[in-house]
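Participant: The structure under discussion is supplied below as structure tokens; questions concerning it will follow.
The values are calculated or read from the model by the stated rules, or taken from the named source; none is laboratory data. Keep in mind that what you see is a predicted model, and the values were worked out from it rather than measured. Glycine also receives a Cβ, built like all others from the backbone with ideal geometry; neighbour counts cover every protein chain displayed. These accessible areas exclude ligands, DNA and RNA; they are computed on the full protein's heavy atoms, side chains included. Shrake-Rupley method; radii C 1.70, N 1.55, O 1.52, S 1.80 Å.
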Amino acid sequence: MTAPRTMFEKIWQRHVVVDRPDGYTLLYIDRHLMHDGSSPAYARLKARGMNLRRADRAAATPDHYVKTDHRSKDVPDPDHRRLLNDITKNCNEAGVTLFDLGDVRQGIIHVVGPEQGLSQPGLTLVCGDSHTSTHGALGALAFGIGSSEVTHVMATQCLWQRKPKSMRITVDGALHPHITGKDIILAIIAKIGAAGAVGHVMEYAGSAIRGLSMEGRLTLCNMSIEAGGRAGMVAPDDTTFQYLDGKPFAPKGANWDKAMAFWKTVPTEDGAAFDREVTLNAAEIAPMVTWGTSPEDALSISGRVPDPASAPDAGKQENMKRALEYMDLKPGTPMDGIAVDRVFIGSCTNSRIEDLRAAAAVAKGRKAKIPAWVVAGSGLVKQQAEAEGLDRIFREAGFDWREPGCSMCIGVNGDTGVLGQRIASTSNRNFIGRQGVGVRTHLVSPAMAAAAAVTGHFTDVRKLLGQDRG
Amino acid sequence: MDAFTTLKAVAVPIDQANVDTDQIIPARFLGRTRDRQVEGFFHDLRLDPNGRPREGVTLNNPAYKGAKIMVGNTNFACGSSRENAVTTMVDNGFRSFIAPSFGDIFFNNCFQNGCLPIRLPAERVARIRVILHELPGAEIAIDLAKQTVTGPDGKTDSFEVDPFRKEMLLKGADEVKITLGYESDIKRFEDKQKQEMPWL
Ligand code: SF4
């Protein structure tokens, strides 16, 4: 009998094209997703006189450079206009499925892939974007690659890889009300650090993970890269299968049965060994908020801004000082109550229907005290939200209801904060300058972002919603 | 791709841990053509919001002019997959990076651009950074074939590099061309997958 294998190991082995004696593997890529930043890679492919090897395995949508106040490609910046036009031209020329601006299916690639049923269990999936780890929520091995590797995949449908190590994060126990995938992943990163999973593929397991919806799992896997992980994944189960059933690119009829038979073999086998194991107690996770300039700088909303004097070494102390200076925060200040200037609800981390519902539940019947944006992750999410009346709730509460795209997560389309602004953001990176030069980003869940919007400061959403704090 | 064999050059230290690729090149420079991304290089770290050089920033110290090696800290170049982080380094003269650990994607992207990322023990890297601060303009010598780094103190360390990546760098090889040499294996895989996973 062979030793029990992890899900990652099984997917990896299934996709080996060539194993070189020097430890390098030529890995087959089942799915390749592209966005409006992929055109330099395509240009290099054409410069070699080549075409996409498997246009049928690729799909694309513009997200980074699209405006969120209108749907035209006629944006003022000539570089951005070129990128938005290139994606259409390239996809048409190459025969790649495109969800273009104006198509209700357009959105952030990591929202669109799962939503269209392109991301499936047991597949290898890549995209020239680090948050490709998102798609691991469906039990795929999904990871971000650089632009040269994108060209390589276009040309060969393969990638040279050294096999990463494996790591299991087990979160057992019951989550308190209003604790989301976002709080779980921030708690994990706070525990293991921004480099905690470098070189590893992370599998999230345990009863708290099993209990998460697909949206929650997508949020969780999305930020694997923020822990340094090569990929993040959750074993496919009934939640996964129900989610995929009926999605446009999911298998149908007899193929569905065949796929199901395979999907059920994907999860990690009992007794399989991981290179590293980490455990968290779900009951200990509170609504999280970041205080610094790395996603590892996260703590509970009931916590206080940490003191650099408490840092374990001089290097860390210096980093903390720098972070606090940039964030304009004083050690010891309670997080609950820190004034916020602006709110962003969106990004590939938190722009799915469940995220918008959670934010709307807080916004309902209240008024935003500061500018607050809601940017749905795709046209379909936006449509669904409007069908449920969420847009009305947001508008009545004074929130701005915008068109789908990456928007203020990265700000390359012009959606940025201004120097010195403090933003409560549902995105994934609180890096220096990420949302604009000198802008201070705090990462939170959608409910916590909405709570900041209606109070004008960070506030424990559980207090607002009158829930028992358990 | 340019080959990488040996390199003896000025090295510049970057002390912070978790330097992300958004610092190396802020996102607003990404949409530009490569020739206009050059100035994005550590832009907001080097310059204040008014475009004036910030004081006390190592990268602004003329003593490090002509540096081709950067010595970083833990989790160097983590975050976004933007390959522009490597290309803007290359376009600003850099060819090798030494750190205790790297963001995985940046690490891979280096090899695609003729650059050598080197992992050395954290203590040694910290020591090298201290020396580079004390002796601005000091040089480091790297020999890829021998897999050695000689610090400004004359001490030589050996480093690990994947044999596949080493060979590619030494030859300046074209990865796509190498892969195309495996066409029959790829074809065989695709035929088998067509049988096994007809829904794809
Ligand atoms: S939403 Fe943000 S993190 Fe996600 S793909 Fe867009 S820019 Fe990247």
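Participant: From other protein chains only, count the Cβ atoms within 10 Å of every residue's Cβ in A:151-157, then give the mean. Don't skip to the end; give the middle numbers.
Facilitator: On the way: counts 3, 5, 0, 1, 5, 8, 4.
Averaged over the peptide's residues, the number is 4.
Participant: A follow-up question, please. Residue A:257 to residue A:386: FRET efficiency via 1/(1 + (r/R0)^6), r the Cβ-Cβ distance, R0 35 Å, to the nearest 0.05? Could the numbers behind the result be given before it?
Facilitator: Details: r = 35 Å, r/R0 = 1.00.
For R0 = 35 Å, the calculated efficiency reads 0.50.
Participant: Per DSSP H run of n ≥ 4, the term is -39500 (n - 2.57); total these for the protein assembly as shown, divide by its residue number, and report the mean residue ellipticity at 222 nm rounded to 500 deg cm²/dmol. Kindly include the intermediate steps, with their values, before the conclusion.
Facilitator: Values: 24 runs with 215 residues, N = 670.
Value at 222 nm, helices only: -9000 deg cm²/dmol.
Participant: Give the aspartates and glutamates whose C-alpha is closer than 16 Å to that of residue B:146, dropping any in the same chain fewer than 8 places away, or say none.
Facilitator: Result set, ordered by chain and number: B:157, B:160, B:162, B:167.
Participant: Kindly write out, for the stretch B:125-130 in residue order, the coupling ³J(HN,Hα) from the Karplus curve 6.51 cos²θ - 1.76 cosθ + 1.60 (θ = phi - 60°), rounded to whole Hz, with x marking Gly and Pro.
Facilitator: Here the 3J(HN,Hα) series is 5, 4, 4, 4, 4, 4 Hz.
Participant: In nm, give the distance between the simple-model label positions of residue B:61 and residue A:277, each being 7 Å from the Cα along the Cα-to-Cβ direction.
Facilitator: Distance between the two pseudo-spin positions: 4.8 nm.
Participant: When the Karplus curve 6.51 cos²θ - 1.76 cosθ + 1.60 is applied with θ = phi - 60°, which whole-Hz ³J(HN,Hα) does each residue of the stretch A:61-69 get, with x for Gly and Pro?
Facilitator: 7, x, 9, 5, 9, 6, 6, 10, 10
Participant: Also: Considering only the other residues whose Cβ falls under 10 Å of the Cβ of residue B:69, what net charge follows from Lys and Arg at +1 and Asp and Glu at -1? Please report the intermediate quantities before stating the final value.
Facilitator: Numbers: positive: B:8, B:68, B:95; negative: B:139.
After counting each charged neighbour, the total is +2.
Participant: Given 37 °C and 0.692 mPa s, how large is the Stokes-Einstein diffusion coefficient of the stretch A:4-91 in µm²/s, with Rh as the Kirkwood radius over Cα pairs? Present the calculation step by step, with values, prior to reporting the outcome.
Facilitator: Numbers: Rh = 15.8 Å.
Using the Kirkwood radius from Cα pairs, D works out to 208 µm²/s.
Participant: Straight-line reach only, C-alpha to C-alpha below 19 angstrom: list the aspartates and glutamates that residue A:369 could link to, leaving out same-chain residues fewer than 8 apart.
Facilitator: A:336, A:341, A:391, A:396, A:400, A:460
Participant: Rolling a 1.4 angstrom probe over the protein heavy atoms, how many square angstrom per residue are accessible across the stretch A:7-277? The partial results should precede the final answer.
Facilitator: Values: 8090 Å² over 271 residues.
Heavy-atom SASA per residue in the stretch A:7-277 reads 30 Å².
Participant: Apply the Debye scattering formula to the stretch A:291-469, with a single equal point scatterer on each alpha-carbon and no solvent, then give log10 I(q)/I(0) at q = 0.11 Å⁻¹.
Facilitator: These q points yield log10 I(q)/I(0) values of -0.44.
Participant: Further question on the same structure: From the Cα gyration tensor of the stretch A:136-203, with a ≥ b ≥ c the square roots of its eigenvalues, which class applies: rounded if a/c is under 1.5, or else prolate if a/b is larger than b/c, or else oblate?
Facilitator: Values: a/c = 2.67, a/b = 2.24, b/c = 1.19.
In terms of gyration-tensor shape, prolate.
Participant: Shifting gears a bit: Students sometimes get this wrong: rank A:310, B:96, A:147 by accessible area, probe 1.4 Å, all chains present, largest first. The partial results should precede the final answer.
Facilitator: On the way: A:310 85, B:96 0, A:147 35 Å².
My answer, sorted largest first, is A:310, A:147, B:96.
Participant: Something else: Using a 1.4 Å probe over the heavy atoms of the protein chains, calculate the carbon and sulfur portion of the accessible area of chain B as a whole percent. Don't skip to the end; give the middle numbers.
Facilitator: Values: 4100 of 8360 Å².
Its accessible area is 49 percent carbon and sulfur atoms.
Participant: Using Cα positions and a limit of under 15 Å, work out the aspartates and glutamates in reach of residue A:191, with same-chain residues fewer than 8 apart set aside.
Facilitator: The reachable aspartates and glutamates, counting only those whose Cα sits under 15 Å from residue A:191, are A:183, A:226, A:277, A:284, A:296, A:297.
Participant: Extending each Cα 7 Å along its Cβ direction at residue B:177 and residue B:145, get the distance between those two points in nm, one decimal.
Facilitator: Result: 2.0 nm between the two label points.
Participant: Sorted by average packing, counted as other Cβ atoms within 10 angstrom per residue and highest first, what order do A:134-145, B:178-189, B:107-118 take?
Facilitator: Values: A:134-145: 29.7, B:178-189: 14.8, B:107-118: 23.0.
Most protected by this proxy first, the peptides run A:134-145, B:107-118, B:178-189.
Participant: Quote the Stokes-Einstein diffusion coefficient, in whole µm² s⁻¹, for chain B, based on the Kirkwood radius over alpha carbon pairs, a temperature of 37 °C and a viscosity of 0.692 mPa s.
Facilitator: Values: Rh = 18.1 Å.
Translational diffusion coefficient: 181 µm²/s.
Participant: Of A:96, A:401, A:164, whose Cα points farthest to the positive end of the dipole of the protein assembly as shown (charges on the beta-carbon: +1 Lys, Arg; -1 Asp, Glu; origin at the Cα centre)?
Facilitator: Projecting each Cα onto the dipole axis, the largest value belongs to A:96.
Participant: Hey, got the average number of other protein chain Cβ atoms within 10 angstrom for residues in B:160-170?
Facilitator: Numbers: counts 0, 0, 5, 5, 8, 4, 1, 1, 2, 0, 0.
The mean count of partner-chain Cβ atoms within 10 Å per residue comes to 2.
Participant: Over the residues of the stretch A:297-400, compute the C-alpha Rg and express it relative to 2.2 N^0.38 Å. Don't skip to the answer; put the middle values down first.
Facilitator: On the way: Rg = 17.8 Å, N = 104, 2.2 N^0.38 = 12.8 Å.
Normalised by 2.2 N^0.38 Å, the Cα Rg of the stretch A:297-400 equals 1.39.
Participant: Tell me the net charge near residue A:311. Cut-off is 10 Å between Cβ atoms, residue A:311 excluded, with +1 for each Lys or Arg and -1 for each Asp or Glu. Display every interim value, and only then the final one.
Facilitator: Values: positive: A:316, A:321; negative: A:307, A:313, A:318.
After counting each charged neighbour, the total is -1.
Participant: Let me ask something additional. How long are the semi-axes of the equivalent ellipsoid of the stretch A:181-254, taking √(5λ) for every eigenvalue λ of the Cα gyration tensor, in whole Å from largest down?
Facilitator: Details: eigenvalues 138, 34, 18 Å².
So the three semi-axes of the stretch A:181-254 are 26, 13, 10 Å.
Participant: Taking all pairs of distinct Cα atoms, average 1/r, flip it, and tell me the Kirkwood hydrodynamic radius of the stretch A:234-326 in Å to one decimal place. Don't skip to the answer; put the middle values down first.
Facilitator: Values: mean 1/r = 0.0555 Å⁻¹.
With all distinct Cα pairs of the stretch A:234-326 included, I get 18.0 Å.
Participant: By average Cβ neighbour count within 10 Å, what is the ranking of A:120-132, A:450-462, A:65-77 from highest down?
Facilitator: Working: A:120-132: 26.4, A:450-462: 24.5, A:65-77: 17.1.
For the peptides A:120-132, A:450-462, A:65-77, the packing ranking is A:120-132, A:450-462, A:65-77.
Participant: Can I ask one more? Quick one: net charge of residue A:105's neighbours, Cβ under 14 Å, K/R +1, D/E -1?
Facilitator: That works out to -2.
Participant: Here is a follow-up. With a 1.4 Å probe and every protein chain left in place, work out the accessible area per residue of the stretch A:351-470 in Å², rounded to a whole number.
Facilitator: Details: 3770 Å² over 120 residues.
Spelled out: the 1.4 Å probe surface of the stretch A:351-470, per residue, equals 31 Å².
Participant: Using θ = phi - 60° and the Karplus form 6.51 cos²θ - 1.76 cosθ + 1.60, what ³J(HN,Hα) does each residue of the stretch A:272-286 get, whole Hz, x for Gly and Pro?
Facilitator: 5, 9, 10, 5, 9, 10, 10, 10, 9, 9, 4, 5, 8, 8, 10
Participant: If I take every Cα pair under 8 Å that is 6 or more residues apart in the stretch A:363-470, average their sequence separation and divide by the length, what percent do I get for the relative contact order?
Facilitator: Working: 175 pairs, mean separation 26.0, N = 108.
Taking the mean separation of contacting Cα pairs over the length of the stretch A:363-470, I get 24 percent.
Participant: Going by average Cβ density within 10 Å per residue, which order do the peptides A:396-404, A:317-325 take, highest to lowest?
Facilitator: Details: A:396-404: 19.7, A:317-325: 17.7.
Ranking the peptides A:396-404, A:317-325 by packing returns A:396-404, A:317-325.
Participant: Average partner chain C-beta neighbours within 10 Å, per residue of B:102-114? Walk me through the intermediate numbers first.
Facilitator: Values: counts 4, 6, 13, 11, 2, 3, 10, 5, 1, 4, 7, 3, 0.
Whole-number average of other-chain Cβ neighbours for B:102-114 is 5.
Participant: Please list the non-local residues whose amide H lies under 5 Å from the amide H of residue B:102, H modeled 1.01 Å from N, same-chain partners needing a gap of 5 or more.
Facilitator: Here the answer is B:75, B:76, since their amide H atoms fall under 5 Å of that of residue B:102.
Participant: Cα gyration tensor of the stretch A:142-287, axes a ≥ b ≥ c as square roots of the eigenvalues: rounded (a/c below 1.5), prolate (a/b > b/c) or oblate?
Facilitator: Values: a/c = 1.74, a/b = 1.16, b/c = 1.50.
Cα axes put the stretch A:142-287 in the oblate bin.
Participant: May I pose another question? Could you tell me which Cys residues in chain B have no other cysteine's Cβ under 4.7 Å from their own Cβ, answering none if every one has a partner?
Facilitator: B:78
Participant: Near the amide H of residue A:34, under 5 Å away, which other amide H atoms are found, from residues 5 or more places off or on another chain, if H is placed in the peptide plane?
Facilitator: Under 5 Å from the amide H of residue A:34: A:59, A:60, A:61.
Participant: When the scattering of the stretch A:7-277 is computed by the Debye formula from its Cα atoms alone, each counted once and equally, what is log10 I(q)/I(0) at q = 0.08, 0.09 Å⁻¹?
Facilitator: Debye intensities relative to I(0), on a log10 scale: -0.32, -0.41.
Participant: Right, here's the next one. With all pairs of different alpha carbon atoms counted, what Kirkwood hydrodynamic radius in Å does the protein assembly as shown show? Please report the intermediate quantities before stating the final value.
Facilitator: Details: mean 1/r = 0.0398 Å⁻¹.
It works out to 25.1 Å.
Participant: Using Cα pairs closer than 8 Å and at least 6 residues apart in sequence, work out the relative contact order for the stretch B:6-171, in percent.
Facilitator: Details: 310 pairs, mean separation 43.4, N = 166.
In percent, rounded to a whole number, it is 26.
Participant: Next question, about the same structure. Tell me: how much accessible area in total is hidden between A and B, 1.4 Å probe, Å², nearest 100? Mind dumping the intermediate values first?
Facilitator: Details: alone 17720 and 10880 Å², together 23730 Å².
Its buried surface, counting both partners, is about 4900 Å².
Participant: Quick one: which residues, 5+ away or cross-chain, put their amide H under 5 Å from the amide H of residue A:457? H built at 1.01 Å from N.
Facilitator: A:340
Participant: A further question follows. Classify the stretch A:48-107 as rounded, prolate or oblate from the Cα gyration tensor: take a ≥ b ≥ c as the square roots of its eigenvalues, call it rounded if a/c is under 1.5, otherwise prolate when a/b beats b/c and oblate if not. Intermediate results must be reported in sequence, preceding the final value.
Facilitator: Details: a/c = 3.06, a/b = 1.59, b/c = 1.93.
Since a/c reaches 1.5 but b/c is at least a/b, the shape of the stretch A:48-107 is classed as oblate.
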